[in-house]
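Each remark here refers to the structure printed beneath this line.
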Amino acid sequence: MIGLLNAILGLGYRITQVEILNLFNYPEFAIDKQIALDIQTRDATGR
């Protein structure tokens, strides 16, 4: 996930840590697949 976020966001700093805070799955029907992630990230400087 870290590599994917760094590649997509293209920030001036690299994300070094990812924590998944909450994972929500909201299927309305049996064939639906929808997931929402609440993530917290940190870079090499601790931000």
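The values are calculated or read from the model by the stated rules, or taken from the named source; none is laboratory data. Just so we're clear, the structure is a prediction, and the values are computed from it rather than from any experiment. With ideal geometry, Cβ positions are generated from the backbone for all residues, glycine too; neighbour counts draw on all protein chains shown.
Rundown of residues vs (1) at pLDDT below 90; (2) part of a loop (DSSP other than H, G, I, E, B), yes/no style:
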residue: 24; (1), (2): yes, no
residue: 30; (1), (2): yes, yes
residue: 41; (1), (2): no, no
residue: 46; (1), (2): yes, yes
Does at least one position in the range 9-21 carry a residue that is at pLDDT below 90 and polar (S, T, N, Q)? no
Go through (1) touching a strand residue (DSSP E or B) at 6+ places or on another chain (Cβ under 6 Å); (2) at pLDDT below 85 and name the single condition residue 6 misses. (2)
Give me the pairs, please: first residue somewhere in the range 1-17 and on the phi < 0 side of the Ramachandran plot and surrounded by 11 or more Cβ atoms within 10 Å (Cβ to Cβ), second residue anywhere and at pLDDT 90 or above and part of a loop (DSSP other than H, G, I, E, B), beta-carbon distance under 8 Å, and either six or more positions apart or on two chains. 6/14
